[in-house]
Amino acid sequence: MGEGDPLIVRTDRRRCAVCHHQGAVRYVTFPLHSRRPIEMELCSEHLRALVARRLGVHSFEQLRRQLVALGLDVNEVFLLHEAFYDGQGRALQPAGEV
Ligand SMILES: [Zn+2]
């Protein structure tokens, strides 16, 4: 809701799963009905875009392909599911920039 202090996280030397930029943070989430978490390394730009539900079509596709390789569908990941992106990966409910 934009009412808390900004989240500050130090990046490490890993590469972003979307753009391969070096300097990423690890985002961990549990797919729907799964007890096994998945991890995504994301740069600051793509972490912000994921959390704000406003990934670009190409970025969404990058994550979708990597999830498929793990046997997962985007609809099993809350921030990527069909209420937030259409079948082509266009953001449907992007949150605004503060
Ligand atoms: Zn990135």
Listed residues HIS58, HIS33, HIS81, most fluctuating in the chain (Gaussian network, C-alpha, under 10 Å): HIS33
Per-pair calculated FRET efficiency, R0 = 25 Å: GLU45 and ASN75 via Cβ, rounded to 0.05: 0.55
Rg to Rh quotient for region 12-80, alpha carbon positions, Kirkwood Rh: 0.94
Accessible area (Å², 1.4 Å probe, nearest 10) - PHE78: 130 Å²
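Tell me the carbon and sulfur percent of the accessible area for the chain, rounded to whole percent, probe radius 1.4 Å. Spell out each step's value before the answer.
Working: 3620 of 6980 Å².
Looking at the chain in its full context, I get 52 percent from C and S.
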Loop-located trypsin sites (Lys or Arg not before Pro) in region 18-98, at most 16 other Cβ atoms within 10 Å (DSSP): ARG35, ARG90
Residue-span extension gain [GLN66 to LEU32] - 0.36 nm each, minus C-alpha spacing: 10.6 nm
For region 12-80: accessible area per residue (Å², 1.4 Å): 62 Å²
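The values are calculated or read from the model by the stated rules, or taken from the named source; none is laboratory data. Note that the structure is predicted; figures quoted are calculated from it, not measured. Reconstructed Cβ throughout: ideal geometry from the backbone, glycine too, with neighbour counts over all protein chains shown. What goes into the accessible areas is simple: the full protein's heavy atoms, side chains included, and nothing from ligands, DNA or RNA. Shrake-Rupley method; radii C 1.70, N 1.55, O 1.52, S 1.80 Å.
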